[in-house]
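The values are calculated or read from the model by the stated rules, or taken from the named source; none is laboratory data. The model shown is predicted, which means the values in this text are computed figures rather than measured ones. FYI the Cβ positions are ideal-geometry reconstructions off the backbone, even for glycines, and counts take in every protein chain you see.
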Amino acid sequence: MIYKPEIRLNNPIYLLKQVDELLKIATKNKRSSLLIYASLECRIALELMDLNFLLHSVTRKERKQIIEDSKPKNGIDRVNRKIGVLKHKYQFFLQTICEILDVESKYYDYRKSKDLQYEISTYIHSYHMTSQELEYDSENMQNCLNLILDIDKFIKSSMPYKNETWTIIGMKIATMPEEDRKVLDEWKVSTTMTNKELKDILVENLELRRANKTCGNTS
């Protein structure tokens, strides 16, 4: 992805390129305002990560409505409460499926994303800060810089990286095999099913599907 400062793309990695450019100028010229602008870009990048994981869990025709429902304040949270794909159990289920299929993926820590969004908002809403706190070399602004770097690391570590490209891995619930969907529903509410049991059941389901497909091809 080629970064062009005159062009804006709603893509988390592209926005991190913008953040990097802002940090270069901010560091060279000790401009705290650019740290605040970079904070805003980080917040948007985190929100885009949340939204993109939601979009990758539904069919293409459903995505427009997901985007509409996500627009209001706390919209992404409301959509996630309905779909649930950003919750820990769903993310672990996805990781297990990818492991079984030998597909590289990364666990997305939605709670961590929300915590980072909350923390970075302190610097976006900087109206309460004193002149001393807004100085580039102040402890406050240096904490802001470190948080920006943490967000950059979090976003990049949440996606597989190959051939100089970060990729979001999702799983469409509507097209999931019925037997796996039943396992997911049970897994989401179970307090006793272990990680190993989950994987064993999913492996068994996969082997049965492959066996049935083989039988169908030879009959």
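In the stretch 167-185, the residue that is surrounded by the most Cβ atoms within 10 Å (Cβ to Cβ) out of those that are among the β-branched types (Val, Ile, Thr) and either in contact with a helix residue (DSSP H, G or I) (Cβ under 7 Å, 6 or more places away or on another chain) or touching a residue at least 12 places away in the same chain (Cβ under 8 Å) (or both) is Val183.
May I ask you to verify whether Thr130 is surrounded by 12 or more Cβ atoms within 10 Å (Cβ to Cβ), out of contact with any strand residue (DSSP E or B) (no Cβ under 9 Å at 6 or more places or on another chain), over 22 Å from Asn10 (Cβ atoms) and not charged (D, E, K, R)? Walk me through how you get there before you give the answer.
Numbers: surrounded by 12 or more Cβ atoms within 10 Å (Cβ to Cβ): no; out of contact with any strand residue (DSSP E or B) (no Cβ under 9 Å at 6 or more places or on another chain): yes; over 22 Å from Asn10 (Cβ atoms): yes; not charged (D, E, K, R): yes.
The answer is no for Thr130.
For the stretch 52-70, residues that are farther than 17 Å from Thr175 by Cβ and among the aliphatic types (A, V, I, L, M) total 1. Look at the stretch 189-212 and say how many of its residues are touching a Phe, Trp or Tyr at 6+ places or on another chain (Cβ under 7 Å) and either in contact (Cβ under 8 Å) with a residue 12 or more places away in the chain or within 27 Å of Lys61 (Cβ to Cβ) (or both). Summing the residues that are touching a Phe, Trp or Tyr at 6+ places or on another chain (Cβ under 7 Å) and either in contact (Cβ under 8 Å) with a residue 12 or more places away in the chain or within 27 Å of Lys61 (Cβ to Cβ) (or both) in the stretch 189-212 gives 1. Going through (1) within 21 Å of Glu164 (Cβ to Cβ); (2) modelled with pLDDT under 95; (3) of a type in the set (A, V, I, L, M) one by one, Leu15 falls short only on (2). Taking the listed residues Lys188, Lys156, Lys196, the one that is at negative phi, exposed (fewer than 10 other Cβ atoms within 10 Å of the Cβ) and part of a helix (DSSP H, G or I) is Lys196, with no other qualifying. Could you grab the pairs with beta carbons closer than 7 Å, sequence gap of 6+ or different chains, first residue in the stretch 21-35 and touching a residue at least 40 places away in the same chain (Cβ under 8 Å) and farther than 20 Å from Tyr3 by Cα, second one aliphatic (A, V, I, L, M) and in a helix (DSSP H, G or I)? Pairs that qualify, where the first residue is touching a residue at least 40 places away in the same chain (Cβ under 8 Å) and farther than 20 Å from Tyr3 by Cα and the partner is aliphatic (A, V, I, L, M) and in a helix (DSSP H, G or I), are Arg31/Ile25; Ser32/Met141.
Are there helices (runs of 4 or more DSSP H) fully within the stretch 20-106 with at least 1 residues that are surrounded by 21 or more Cβ atoms within 10 Å (Cβ to Cβ), touching a His at 6+ places or on another chain (Cβ under 6 Å) and of a type in the set (S, T, N, Q)? List them. Spell out the reasoning first.
Working: elements: 32-55, 60-70, 75-83, 88-100.
Here the list is empty.
Kindly indicate whether Trp187 is closer than 19 Å to Lys87 by Cβ and modelled with pLDDT of 90 or more. So Trp187 fits the description; yes.
Within the stretch 39-92, the set of residues being among the polar types (S, T, N, Q) and at pLDDT 90 or above comprises Ser39, Asn52, Gln65, Ser70, Asn74, Asn80, Gln91.
Being in contact with a Pro (Cβ under 9 Å, 6 or more places away or on another chain) and at negative phi is true for just one of Ile169, Ile120. Which residue is that?
Numbers: Ile120 fails: in contact with a Pro (Cβ under 9 Å, 6 or more places away or on another chain).
Matching residue, one of Ile169, Ile120: Ile169.
Search the stretch 1-16 for residues being buried (at least 17 other Cβ atoms within 10 Å of the Cβ) and of a type outside the set (A, V, I, L, M), and hand back the single one that is nearest to Leu48 (Cα to Cα). Reasoning before the result, please.
Restricting attention to the stretch 1-16, the residues satisfying the condition of being buried (at least 17 other Cβ atoms within 10 Å of the Cβ) are 12-16.
Next, from what is left, pick out any that are of a type outside the set (A, V, I, L, M): 12, 14.
Working: Pro12: 6, Tyr14: 11 Å.
So the residue we want is Pro12.
Of all residues in the stretch 167-181, at least one satisfies being modelled with pLDDT under 95 and under 30 Å from Leu35 (Cα atoms). When Glu164, Glu135 are checked against the criterion of being surrounded by fewer than 17 Cβ atoms within 10 Å (Cβ to Cβ) and either at positive phi or touching a Lys or Arg at 6+ places or on another chain (Cβ under 6 Å) (or both), Glu164 stands alone in meeting it.
Of the listed requirements (1) at pLDDT below 95; (2) of a type outside the set (Ser, Thr, Tyr); (3) more than 21 Å from Lys188 (Cα to Cα); (4) out of contact with any strand residue (DSSP E or B) (no Cβ under 9 Å at 6 or more places or on another chain), Gln95 misses just one: (3).
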